[in-house]
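The values are calculated or read from the model by the stated rules, or taken from the named source; none is laboratory data. Fair warning: this is a prediction, and the values are worked out from it, not measured in the lab. Here the Cβ positions follow ideal geometry from the backbone for every residue, glycine too, while neighbour counts run over all protein chains shown. SASA here: full protein model, heavy atoms, side chains in, ligands and nucleic acids out. Shrake-Rupley method; radii C 1.70, N 1.55, O 1.52, S 1.80 Å.
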Amino acid sequence: MEQDAFVSIRNLTKRFGEHVAVNDISLNVAEGHTLALLGPSGCGKTTILRCLAGLETPDSGHISLAGNVVFDHNARVNLMPEQRELGIVFQSYAVWPHMSVSENVGFPLKVRGVAKAEYDDRVARILNIVGLGAWRDKGATQLSGGQQQRVALARALVHQPRLVLFDEPMSNLDTQLRDQVRMELNILQAKLGFTAIYVTHDQAEAFSLAETVVVMNLGRIETSGPPRDVFHRPRTPFVARFLGLNVCEGKLVQANATAGGQVEVAFGESLRLRGLSGDEQKLTAGAPVLVCVRKEHIGIRKLAPGAIPQGLSGEIRAASFLGLNEEYVVALEGVELRAVQPASGLRAGDRVEVSIRPEDCIVFLAGQNRLD
Amino acid sequence: MQESTAVRRDPMTAATARAQSRVGRFAEVGLPASGVLIGVLLVLGPFLATVIRSLLYWDRDQVSLSLQNFVGLFGDPRFYQAVGNTVICGAGATICSCLLGFSLAWIVSRTDLPGRRWFEIFNLVPFFLSPYVGAVSWIYLAAPHSGVLSRLLNQYLGLPDDFIRIYSLGGVIWVLSLFYTPYVYLFVIAPMRQMDAALEDAARVHGASFWYTLRRITIPLLTPALLSSALIVFVTSAGLFDVPLALAAPKGIRTMPTEIFQLVQYPSDLGRAASFGVVVMIVTVLFTILQRRYIDRRRFETVTGKGYRPRLVQLRRGGRFAAWMLEFVYLGSGVVLPLIALFMVSFSRLWTGRLDPSVLTTHNFEYVLFGFKLTQTAILNSVYLAIVGATIGVALAVLQGYYLNRGSRRRRALVDSLLSLPLGIPGIILGLGFLIIAIRTPLYSTLAIILIAYIARFFPFATRTVSSMLLAINPELEQSARASGASWLQTMRYILLPLLMPAIIAAWLLLFVIFIRELGATILLYGQGTETISVALVILSEHSAATMTALAVVQLILLLGAFMLFRLTRASLLQA
Ligand SMILES: Nc1ncnc2c1ncn2[C@@H]1O[C@H](COP(=O)(O)OP(=O)(O)OP(=O)(O)O)[C@@H](O)[C@H]1O
Ligand SMILES: [Mg+2]
């Protein structure tokens, strides 16, 4: 564990009956940084946030915030939520329907006994920052979803907590508003300097907001690291599939000389492909493997009728229009791959030549990695 | 936000923080748990007392533990008569009020009957009235010779004078049905409103007639609500003391509640009464469990609303006439006629069965309010019991509702079923339990024991009201208050209680109404100086019709006042 981490979670486990929602997780977040928790529905993201906020009592582990132990199973420490001095934005916003906008936002100040003048001043300032200055006396239920989300945000920030937890705060916003709020959040964080833990299942959101991205699966951490690393070199087939890469099964033909070196994989009857090993250990020939390729890294070119393909050849099964790009389903000897390319007018039934560069292919040993 | 600093509480040492967190958790867990504990004691106390007392048998001065009380009970033909009559009353009232309640709910919620908004409000009025006063009013209306209606029928239609036999099981069923119809009505009107119109439309489009659709689609979809209200109406109407006391007892017709009342009167046989009570408790608890099981099993089959408003059926001339007739008959017999009878008697100097405008007087009211010690005491006692009891009951309900919806999941189901045990238990049985507890103690015939019995018998209504609303409040509303720095108590005060206020008001008014008119439990527990309005009505019924009806009108005003508040605060009875 890093001593200077602002948030430190060690060996956190939370069960609901038989079900292990969070399984022995350890995480650190440096002060002022943002950590994004990414993963499919039900993988335990919200549960981690709730454990951090003290809304759920973990079954074991240790949590400290800003150097203070707030939970320790062995030492029987479990501070109450209000003692942890943080802010939280719930998935449901949880804006109080019986209070006005300013009462909602001022609540953290009220329970801390802040004097009237300072209270008004702070509420006005934070409402201006989130762009709700004109709405302060409106009832909270008269607001639109996007405005409620801003109220929740303002409420989480008004007392300037050093840690703010976000649970999919933008899941109910439309794409445009989402982009806008994401930018505002970035600016706010730069201004106020809080540490943030941000739960989402939207990759783009995670990558654009966070210094560190953690991908979770079934209550465990699959991978964590800076967004670029996580994005460019998926560490496990699960992460590859979660990020939308093609993942297909094959058999190793030729092993690598060194860890991470080039290998050759066979699919179907005669299809061969070269790629880089994604595992640390050495792979042996004949082992079942999974090959991961990004959709954008599969090149396809239309074959003139009767032409002899130089490399791999396949057939377009389906095409769908995405705007600037088009997505194709290409069949290569029974293996189906998805490819995204600038629109080139290919249609189902067209024969194409397929090219994949070895450095774009990541090969994992199958079986040892959980896939789903 | 330039230089501004964070707002934090004064820093404390880790040790203080931990100590504080232990204390805080104690309030968070301890307060709701104590509400539950009090509830459980209130339920189990009279239960155990009755069971134990039923097993004690006094033979001259020798007390022994034996089943002799039960042997005596089961060997007595009067027991079987009473049980048989009670089952007949309960079943009759259930069938009638289901038919009436379903039809009225359907008319109000699914047809375009002109005036349905008014009917919607007035159909609920009997829910707020006192069944005892209702039964007595029906005596004034339909008693042979003296009843107003009997007389009119005799005079204009030449029907025999005892054409309406009000002193009979039929009379009991009739009055019970009038009072229990709103229960069924309330139970079925919500699902009827929420029912997805597409379910019925689909049947019509595929070729079903209106009646076929009603029979095969609408009614089956509403069966869960109808059946569970039927079970409740059966248990509660069969156990009601008020109506048989007025209409069956005078002619010597035995029913369960009046038999138990008799057994407690001098020369009392508490052992026999307790063993009767145990039998009733077992049957009621079985029914309650049956109803809960049934609801649990059908929970996912309830009719989910997709936001489609069910289309209103356009009534033709005949249909409209029939619907109006039904409303007029129901509101006439349940509200208008009894009230007219009550007012006629209470404003007459001496009731002879004929309204004589020359002897109209307000003297009876002056006497009841300012001149008569018994009625004055009774009014004060009732108001005191209702206000204090409703307040305590609602406080318990909030704590219990919190425990059941927010507390630890373990034991929740058990606690829930324990706490809802009193729901079906007849008031007179619970009164008996508390009588057994209080007898030969300073509590005997005090207001305190009556208050405790009221709360014990009726807090589950409040708990259910509060609980169903709590279920609809997203816990994240409270959690974000905690995360914002509010303690548990502050969260209760600023977030949860304000959000719960509609349910709290509804539950308070409901308890207030129930307590103002309660009779079954009070009749066994009151003493001199602790009479309530209902008890005073029973006492006066043997002496003075004029004084009695005047007091009944006073009670009516209190009850209707609560009804008006209900409408004003827009508290929803459906939550109850
Ligand atoms: N109070 C609870 N009782 C029982 N199981 C729970 C409870 N809360 C969460 N779970 C279970 O724990 C698992 C993790 O839940 P969690 O809410 O953390 O998922 P999530 O990653 O936030 O998912 P989503 O993206 O859908 O919000 C789920 O399988 C869920 O069913
Ligand atoms: Mg979640």
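Checked against (1) more than 9 Å from every other protein chain (Cβ to nearest Cβ); (2) open to solvent by less than 10 Å² (accessible area, probe 1.4 Å); (3) charged (D, E, K, R), A:ASP137 passes all but condition (2). Of everything in the stretch A:196-216 that is buried (at least 20 other Cβ atoms within 10 Å of the Cβ) and closer than 24 Å to A:PHE364 by Cα, the residue that is farthest from ligand 2 (Cβ to nearest atom) is A:THR212.
Looking at (1) under 34 Å from the mean Cα position of the chain (by Cα); (2) buried (at least 24 other Cβ atoms within 10 Å of the Cβ); (3) within 14 Å of chain A (Cβ to nearest Cβ), can you tell me which one B:TYR494 breaks? Among (1) under 34 Å from the mean Cα position of the chain (by Cα); (2) buried (at least 24 other Cβ atoms within 10 Å of the Cβ); (3) within 14 Å of chain A (Cβ to nearest Cβ), the lone unmet condition for B:TYR494 is (2).
Consider the stretch A:316-333. How many of its residues are open to solvent by 70 Å² or more (accessible area, probe 1.4 Å) and either in contact with a strand residue (DSSP E or B) (Cβ under 8 Å, 6 or more places away or on another chain) or assigned to a loop (DSSP other than H, G, I, E, B) (or both)?
Residues flagged as open to solvent by 70 Å² or more (accessible area, probe 1.4 Å) and either in contact with a strand residue (DSSP E or B) (Cβ under 8 Å, 6 or more places away or on another chain) or assigned to a loop (DSSP other than H, G, I, E, B) (or both) within the stretch A:316-333 amount to 4.
Looking across the stretch B:58-102, the residues that are in a loop (DSSP other than H, G, I, E, B) and loosely packed, with under 13 Cβ neighbours inside 10 Å come down to B:ARG60, B:ASP61, B:GLY75.
Please work out which residue is nearest to A:LEU157 (Cα to Cα), limiting yourself to the stretch A:190-211 and to residues that are more than 16 Å from ligand 1 (Cβ to nearest atom) and in a loop (DSSP other than H, G, I, E, B). Filtering the stretch A:190-211 for residues that are more than 16 Å from ligand 1 (Cβ to nearest atom) and in a loop (DSSP other than H, G, I, E, B), the one nearest to A:LEU157 (Cα to Cα) comes out as A:PHE194.
Helices (runs of 4 or more DSSP H) fully within the stretch B:166-217 that include at least 1 residues being in contact with a Pro (Cβ under 9 Å, 6 or more places away or on another chain), free of Cβ contacts under 8 Å to residues at least 24 places away in the same chain and polar (S, T, N, Q): none found.
The numbered conditions (1) open to solvent by 80 Å² or more (accessible area, probe 1.4 Å); (2) in contact with an Asp or Glu (Cβ under 9 Å, 6 or more places away or on another chain) are all true for A:GLU359 except (2). A:GLY61 meets all of the listed conditions (1) part of a loop (DSSP other than H, G, I, E, B); (2) surrounded by fewer than 21 Cβ atoms within 10 Å (Cβ to Cβ); (3) more than 9 Å from ligand 1 (Cβ to nearest atom) but one, namely (1).
Looking only at the stretch A:70-82, count every residue that is out of contact with any strand residue (DSSP E or B) (no Cβ under 6 Å at 6 or more places or on another chain) and crowded, with 24+ Cβ neighbours inside 10 Å and tell me the total.
Matching residues across the stretch A:70-82 total 2.
Looking across the stretch A:83-101, just one residue is within 13 Å of ligand 2 (Cβ to nearest atom), crowded, with 22+ Cβ neighbours inside 10 Å and part of a loop (DSSP other than H, G, I, E, B), and that is A:PHE90. Take the stretch A:4-35 and flag every residue that is on the phi < 0 side of the Ramachandran plot, within 13 Å of ligand 1 (Cβ to nearest atom) and of a type outside the set (D, E, K, R). Matches in the stretch A:4-35: A:LEU12, A:THR13, A:PHE16, A:HIS19, A:VAL20, A:ALA21, A:VAL22, A:ASN23, A:ILE25. The set of residues from the stretch A:102-132 being open to solvent by 10 Å² or more (accessible area, probe 1.4 Å) and within 15 Å of A:GLY145 (Cα to Cα) comprises just one member, A:GLY131. Would it be correct to say that B:SER487 is in contact with an Asp or Glu (Cβ under 9 Å, 6 or more places away or on another chain) and of a type in the set (Ser, Thr, Tyr)? Yes, satisfied. Of the residues making up the stretch A:1-56, those that are assigned to a strand (DSSP E or B), of a type outside the set (A, V, I, L, M) and farther than 18 Å from A:PHE194 by Cβ are A:ARG10, A:ASN11, A:THR13, A:LYS14, A:ARG15, A:PHE16, A:HIS19, A:ASN23, A:ASP24, A:SER26.
Filtering A:GLY67, A:GLY54, A:GLY44 for residues that are at positive phi, open to solvent by less than 40 Å² (accessible area, probe 1.4 Å) and away from ligand 2 (no atom under 13 Å from the Cβ) leaves a single hit, A:GLY54.
Give the residue that is farthest from A:ALA30 (Cα to Cα), with candidates limited to residues of the stretch A:151-189 that are basic (Lys, Arg) and either open to solvent by 30 Å² or more (accessible area, probe 1.4 Å) or within 16 Å of ligand 1 (Cβ to nearest atom) (or both). Walk me through how you get there before you give the answer.
Our first condition is that a residue be basic (Lys, Arg); within the stretch A:151-189, this holds for A:155, A:162, A:178, A:182.
Then drop every residue that is not either open to solvent by 30 Å² or more (accessible area, probe 1.4 Å) or within 16 Å of ligand 1 (Cβ to nearest atom) (or both), which leaves A:162, A:178, A:182.
Working: A:ARG162: 11, A:ARG178: 26, A:ARG182: 21 Å.
My answer is A:ARG178.
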